[in-house]
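A.B. asks: Can you keep this structure in mind? I'll have questions shortly.
Taken together, the values in this text are just the output of simple stated rules run on the coordinates, not laboratory data. These numbers were taken from a predicted model, which means no experiment stands behind them. Neighbour counts are summed over all protein chains in view; Cβ atoms, including those assigned to glycine, are modelled from backbone coordinates with ideal geometry.
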Amino acid sequence: MEFCPKCGKLLIPKKEGKIKKLICPNPKCDFEQKQDDKVSYEVSDKIKHKASDITEVIDAEESEELSDEELVERRERFIENIDLYETDN
């Protein structure tokens, strides 16, 4: 990763014909530099989440009143299911 010396934004690799450059994505900044041929750059947007990163909302109906023990038990079952899912994948 390389950053713009003028504004600090992450420089983006761009190829114009056979010329490889690193350009600043900031529209107010015109910085660009020739890319070093010995270094390879890759732009990626892939994000991998674990099951524990997912937030599940459990909404109890108003008529359903749960005791503190029942709420704790539900939370524990939910966490066990997440742990089981993560070990299976």
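A.B. asks: Given H placed 1.01 Å from N in the peptide plane, which residues other than close sequence neighbours of residue 20 have an amide H under 5 Å from its amide H?
C.D. replies: 35
A.B. asks: A further question follows. Strictly over 18 Å apart at the Cα level, which of 6/28; 21/48; 18/38 would you flag in this model?
C.D. replies: 21/48
A.B. asks: Given a Förster distance of 25 angstrom, what is the FRET efficiency for residue 46 paired with residue 10, based on the Cβ-Cβ distance and rounded to 0.05?
C.D. replies: Efficiency at R0 = 25 Å is approximately 0.90.
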